[in-house]
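Comments concern the structure below.
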Amino acid sequence: MLNRRITSHRELEVYARSFDAAMAIFDASRMFPNEERYSLTDQIRRSSRSVSANVAEAWRKRRYEAAFVSKLSDAEAEAAETQVWIEFAVRCQYLPAAEGRRLYRPYNDILRTLVGMIHHSKSWLIPAKKK
């Protein structure tokens, strides 16, 4: 296993997976009915995009454990919210069940990774400079 230093949030696997998952949701939600434009479509797009945004913010807040964990927790909540909106889209028959499962599954891995990062937050922090 290659042990290299990550220098940007873009290099985090969880960021890349959440970004790709959000883009898949964007593509799928294009077919939602117009009457959902300002409700389900907007909500699912916002929550899915927010996962990546919160991961990026967490990465920049690694100097302070509480701030880092808080942003990761926000990302975790947004990922779970996205799964709820996917369930609604399937139940409302805007997505076939198989497509819903395809969109839902990546969020299980994203959530698992975020929880792991939260539980091992100290290993992600920027060490304080010694005086």
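Condition check ((1) in a helix (DSSP H, G or I); (2) open to solvent by 40 Å² or more (accessible area, probe 1.4 Å)) across all residues:
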| position | (1), (2) |
| --- | --- |
| Ala22 | yes, no |
| Met31 | no, yes |
| Asp42 | yes, yes |
| Val51 | yes, no |
Which of the following residues is open to solvent by 60 Å² or more (accessible area, probe 1.4 Å), modelled with pLDDT under 95 and under 14 Å from the mean Cα position of the chain (by Cα): Arg10, Arg5? Arg10
Which numbered condition Tyr107 fails, given (1) aromatic (Phe, Trp, Tyr); (2) over 13 Å from the mean Cα position of the chain (by Cα); (3) part of a helix (DSSP H, G or I): (2)
For Arg46, indicate whether it is outside any loop (DSSP other than H, G, I, E, B) and farther than 29 Å from Ala128 by Cβ. yes
For the range 71-84, state whether one or more residues are more than 17 Å from the chain's Cα centre (by Cα) and among the charged types (D, E, K, R). no
Can you name every residue in the range 93-130 that is open to solvent by 60 Å² or more (accessible area, probe 1.4 Å), closer than 17 Å to Ile44 by Cβ and either among the aromatic types (Phe, Trp, Tyr) or in contact with a Phe, Trp or Tyr (Cβ under 9 Å, 6 or more places away or on another chain) (or both)? Tyr104
The correct count of residues that are open to solvent by 50 Å² or more (accessible area, probe 1.4 Å) and either in contact with a Ser or Thr (Cβ under 8 Å, 6 or more places away or on another chain) or of a type outside the set (S, T, N, Q) (or both) in the range 54-77 is 10
Condition test on Ala89, is it surrounded by 14 or more Cβ atoms within 10 Å (Cβ to Cβ), part of a helix (DSSP H, G or I), out of contact with any Phe, Trp or Tyr (no Cβ under 9 Å at 6 or more places or on another chain) and not basic (Lys, Arg)? no
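The values are calculated or read from the model by the stated rules, or taken from the named source; none is laboratory data. Note that this is a predicted model, so its numbers are computed, not measured. Counting neighbours? That spans all protein chains shown, and the Cβs are built from the backbone with ideal geometry, glycine included. Heads up: the accessible areas ignore ligands, DNA and RNA and are worked out on the full protein's heavy atoms, side chains in. Shrake-Rupley method; radii C 1.70, N 1.55, O 1.52, S 1.80 Å.
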